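So the structure is just underneath, and the comments pick up after that.
The values are calculated or read from the model by the stated rules, or taken from the named source; none is laboratory data. For clarity, every value in this text was computed on a predicted model and none was experimentally measured. We place every Cβ from the backbone using ideal geometry, glycine too, and count neighbours over all the protein chains shown.
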Amino acid sequence: MDPFALKTLNAERRARRAAILVTDMGDGRDRVVKEGDVVAGDLGAALAKAFRTGLSGTAEAEGRQFFLNVHLPQPRLVVIGAVHISQALAPMARIAGFPLEIIDPRTAFASDDRFPDVTLHAEWPEDVLKHCPLDRYAALAAVTHDPKIDDFALKAALDAECFYIGALGSRKTHAKRVERLLGMGATPEQIERINAPIGLDIGAANPAEIAVAVLAQVIAAFRSRGLGAKAKSEAA
Amino acid sequence: MPSRFLDEARDPLIIAENWMKDGKDVAIATVVETWGSAPRPVGSHLVIDAEGTFHGSVSGGCVEGAVISEALDVIESGKPKMLDFGVADETAWQVGLSCGGRIRVYVERLG
């Protein structure tokens, strides 16, 4: 392995950016491809698939055999609101491989009693996200119903290009939220990315079922990262 | 800058980079293919220095010993090796995977 490739790879991993180490199995030469780098041909197609699935493996391209070792940042799920839905979502998300953290300044809600074994911040999103900023490998679900708590986090998620953004509330509630986010400087294109009402439409009828719908939507968003943007640029 | 999202003390690639900075000779072993039941997924790393110190894993401890001794050769020669491991009595290797799977491990020198 090339020492420079190892340094580059580790720097990307520390910065929570996706990267693939590509090794030519014929001559042992390797290089790091970062997410978003343009690679042509069969190798480019194999790389795009590997970034999406996160699965490492061999690929044949241009008559050569390559090994693609995929390093995706650990996706995290940030939930605004220590509510009933979050109580159901926390264990489900952990099982599905999305470490979850909950932010809610209302200490009556954000208590260790209600959320054993969960990373819990009984603080305002403004304060928590300053220290643990959101990024493209974070998902944000805002479920407090309270604009004072949800709005800042939603705007931060839009700016950080979180791979998933969802907000609880009816269409009417969301229409008012859109107005507020526009007032905060978000663009209509950004606001389009918010899943509202939150969760896949599975007819969820109680907090646990809503949690399933949210988690399914988070997984769908994670496994289709970048595909929407790519389809758009190909159409243009 | 240490990352709170990587377990730097146990991360094989971070350890390999630190060893390199300390001037050590290092080999990196990578699981590049698996068939059937395999304890560690494709992409898993074992890193080895010239003293035989190692971190990470390519199996559940079944073949690490053999990989380490091959790695010392690789550090010496600089030539990468491809190692195949299957159930013990079906391969040329002294060691095997008790789980019945097969794995292919690529061993290369760092630098």
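Quick grid of which residues meet (1) charged (D, E, K, R); (2) closer than 16 Å to A:Asn195 by Cα; (3) modelled with pLDDT of 95 or more:
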position: A:Glu123; (1), (2), (3): yes, no, yes
position: A:Asp135; (1), (2), (3): yes, no, no
position: A:Ala139; (1), (2), (3): no, yes, yes
position: A:Ala142; (1), (2), (3): no, yes, yes
position: A:Lys148; (1), (2), (3): yes, no, yes
position: A:Lys155; (1), (2), (3): yes, yes, yes
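Identify, please: which residue in segment A:64-84 is at pLDDT 95 or above and under 24 Å from A:Phe152 (Cα atoms) and is, among those, farthest from the other protein chains (Cβ to nearest Cβ)?
From segment A:64-84, those at pLDDT 95 or above are A:64-71, A:77-84; that's our starting set.
From what is left, the residues that are under 24 Å from A:Phe152 (Cα atoms) are A:77-84.
Working: A:Leu77: 14, A:Val78: 13, A:Val79: 18, A:Ile80: 20, A:Gly81: 23, A:Ala82: 22, A:Val83: 26, A:His84: 29 Å.
Looking at residues that are at pLDDT 95 or above and under 24 Å from A:Phe152 (Cα atoms), I get A:His84.
Filtering segment B:27-42 down to residues that are within 10 Å of chain A (Cβ to nearest Cβ) and surrounded by fewer than 19 Cβ atoms within 10 Å (Cβ to Cβ), which residue is nearest to A:His71 (Cα to Cα)? Result: B:Pro41. Within segment B:48-69, none of the residues are crowded, with 18+ Cβ neighbours inside 10 Å and within 11 Å of another protein chain (Cβ to nearest Cβ).
Can you tell me which residues in segment A:50-81 are free of Cβ contacts under 8 Å to residues at least 40 places away in the same chain and hydrophobic (A, V, I, L, M, F, W, C)? Give the steps one after another, and end with the answer.
Going through segment A:50-81, the residues free of Cβ contacts under 8 Å to residues at least 40 places away in the same chain turn out to be A:50, A:54-63.
Answer for segment A:50-81, where residues must be free of Cβ contacts under 8 Å to residues at least 40 places away in the same chain and hydrophobic (A, V, I, L, M, F, W, C): A:Ala50, A:Leu55, A:Ala59, A:Ala61.
Which one is modelled with the highest pLDDT among residues in segment B:92-106 that are closer than 16 Å to B:Glu64 by Cβ and part of a loop (DSSP other than H, G, I, E, B)? Checked segment B:92-106; the qualifying residue modelled with the highest pLDDT is B:Gly101.
Contact annotation: residue pairs with Cβ atoms under 6 Å, 6 or more positions apart or on different chains, pairing a residue in segment A:107-130 that is hydroxyl-bearing (Ser, Thr, Tyr) with a partner that is surrounded by 14 or more Cβ atoms within 10 Å (Cβ to Cβ), are A:Thr107/A:Ala122; A:Thr119/A:Glu101.
The sole residue among A:Ala139, A:Ala61 that is surrounded by fewer than 20 Cβ atoms within 10 Å (Cβ to Cβ), farther than 20 Å from B:Ser44 by Cα and either small (Gly, Ala, Ser) or away from every other protein chain (no Cβ under 14 Å) (or both) is A:Ala61.
Screening A:Gln87 with (1) modelled with pLDDT of 95 or more; (2) within 14 Å of chain B (Cβ to nearest Cβ) gives one miss only, at (2).
Let's see how each residue does on (1) within 27 Å of A:Phe163 (Cα to Cα); (2) at pLDDT 95 or above; (3) within 12 Å of chain B (Cβ to nearest Cβ); (4) in contact with a Pro (Cβ under 6 Å, 6 or more places away or on another chain):
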position: A:Lys7; (1), (2), (3), (4): yes, yes, yes, no
position: A:Asn10; (1), (2), (3), (4): yes, yes, yes, no
position: A:Arg16; (1), (2), (3), (4): yes, no, yes, yes
position: A:Ile20; (1), (2), (3), (4): yes, yes, yes, no
position: A:Asp27; (1), (2), (3), (4): no, no, yes, no
position: A:Asp30; (1), (2), (3), (4): no, yes, yes, no
position: A:Glu35; (1), (2), (3), (4): yes, no, no, no
position: A:Asp42; (1), (2), (3), (4): yes, yes, no, no
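All conditions but one from (1) of a type in the set (Phe, Trp, Tyr); (2) closer than 19 Å to A:Arg223 by Cβ; (3) modelled with pLDDT of 95 or more apply to A:Phe51; the one that does not is (3). If the condition is being touching a Gly at 6+ places or on another chain (Cβ under 9 Å) and surrounded by 18 or more Cβ atoms within 10 Å (Cβ to Cβ), then segment A:67-84 contributes A:Phe67, A:Leu68, A:Asn69, A:Val70, A:His71, A:Leu72, A:Pro75.
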